[in-house]
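One structure below.
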Amino acid sequence: APWWRCVATTVLQTILNVVDFQMNIQEAVDAPRIHHQWMPDVTNLEPRALSPDTRKILEGMGYRFEDAEPINHVDAIIVGAPSLGGKPVGRSRYYGANDPRPGTGSAQGY
């Protein structure tokens, strides 16, 4: 899928990783992503997004998957601590995460 169609999916998965899975901001950005946009009826998967066993079970249920190049990119900043409910590191207030996917740029600030 073109990158612009995956933006909402990328942002949502990053937020869910922080809020629901208690990942720190860098772990949330690094995590493998999936994307499905209704048509065509196929789910795009980054490497390691699903375990081979899970993929096989879902394919047996009729789901279709395609391996995908990196799905979009995100640079994120969280304020207060590196994770929700975490403790600040030193006097830092802002914590940034740069997407490790190839060609995605860098988060910079001062």
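Yes or no: region 41-61 includes at least one residue that is assigned to a strand (DSSP E or B) and in contact with a Pro (Cβ under 7 Å, 6 or more places away or on another chain).
Of the residues in region 41-61, the ones assigned to a strand (DSSP E or B) are 43-45.
Of the ones still in play, those that are also in contact with a Pro (Cβ under 7 Å, 6 or more places away or on another chain) are none.
Looking for residues that are assigned to a strand (DSSP E or B) and in contact with a Pro (Cβ under 7 Å, 6 or more places away or on another chain), one finds none in region 41-61, hence no.
In region 45-60, the residues that are surrounded by 15 or more Cβ atoms within 10 Å (Cβ to Cβ) form Cβ pairs under 8 Å with partners that are assigned to a helix (DSSP H, G or I), at six or more places apart or across chains, as follows: 45/55; 50/58.
For region 42-59, how many residues meet the condition of being within 25 Å of residue 14 (Cβ to Cβ) and either acidic (Asp, Glu) or in contact with a helix residue (DSSP H, G or I) (Cβ under 6 Å, 6 or more places away or on another chain) (or both)?
Here is the first cut: in region 42-59, the residues within 25 Å of residue 14 (Cβ to Cβ) are 42-52, 54-55, 58.
From the residues that got through so far, the ones that are either acidic (Asp, Glu) or in contact with a helix residue (DSSP H, G or I) (Cβ under 6 Å, 6 or more places away or on another chain) (or both) too are 46.
The total comes to 1.
Taken together, the residues in region 69-99 that are assigned to a loop (DSSP other than H, G, I, E, B) and either loosely packed, with under 14 Cβ neighbours inside 10 Å or touching a residue at least 60 places away in the same chain (Cβ under 8 Å) (or both) amount to 18.
All of the numbers you see were taken from the coordinates with simple rules; none came from a lab. What you see is a predicted model, and the numbers here were worked out from it, not measured in a lab. A quick note on method: Cβ atoms are made from the backbone with ideal geometry, for glycine too, and the neighbour counts reach across all protein chains shown.
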